[in-house]
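Heads up: the structure comes next, in structure tokens.
Taken together, the values in this text are just the output of simple stated rules run on the coordinates, not laboratory data. For clarity, every value in this text was computed on a predicted model and none was experimentally measured. As a convention, Cβ positions derive from the backbone with ideal geometry for all residues, glycine included, and neighbour counts pool all protein chains shown.
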Amino acid sequence: MSDDKAIWPAIDPISAGLHGRCPRCGEGQLFSGFLTVGKRCANCGLDYSYADAGDGPAVFVILIIGFIVVGLALWMEVTLSPPLWLHFLLWIPLTLVLCLGALRLIKGVLLTLQYRNKAAEGRLDLGE
Ligand SMILES: [Zn+2]
């Protein structure tokens with residue numbers, strides 16, 4: 001994860017993450033399922049065991065999509081005052097679609113940024 005810059009040119013982690021590509025080579029698939037991270041890159045062999053975004057993607061999705069959907073629902077209620085069933089009919093499916101779409105994109109970006117910035121759990125360095 002650290003000494004491979006001589007072999008692999010630097011890639012844009014945002015672009016690679018948004019496309020679900022390997023953070024080292026930018027070619028192999030990062031995900032083996034919709035949100036499941038694969039075991040290793042099929043192109044360069046990078047081991048994805050380091051990848052752990054934790055709750056990060058969910059937090060970003062909640063904050064970003066929540067801001068958009070609640071803002072739109074409030075605007076619609078204030079300006080048009082539609083019946084309650086129309087709110088449910090509009091905002092529940094929109095929220096599901098936006099959250100599922102954004103979750104994959106944000107998880108990909110966070111995992112590629114984790115690789116780029118060598119982010120990992122803290123460890124004590126007790127000397128050698
Ligand atoms: Zn790769």
Worksheet item: With Rg and the Kirkwood Rh both taken from Cα atoms, where does Rg over Rh land for the range 13-116?
Response: 1.15
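Which loop-located chymotrypsin sites (Phe, Trp or Tyr not before Pro) does the range 1-100 contain, where loop means any DSSP state but H, G, I, E or B and the Cβ has at most 11 other Cβ atoms within 10 Å?
Sites meeting the loop and neighbour criteria: 34.
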Worksheet item: Helix 56-80 versus the longest principal axis of the chain: what is the Cα-based angle in degrees, 0 to 90, to the nearest 10?
Response: 20
Item to complete: Please give the helix 84-116 orientation as an angle from the longest Cα principal axis of the chain, in degrees from 0 to 90, rounded to the nearest 10.
Response: 10
Fill in: Length gained when the stretch residue 76-residue 8 is fully extended (0.36 nm per residue, less Cα-Cα span)
19.5 nm
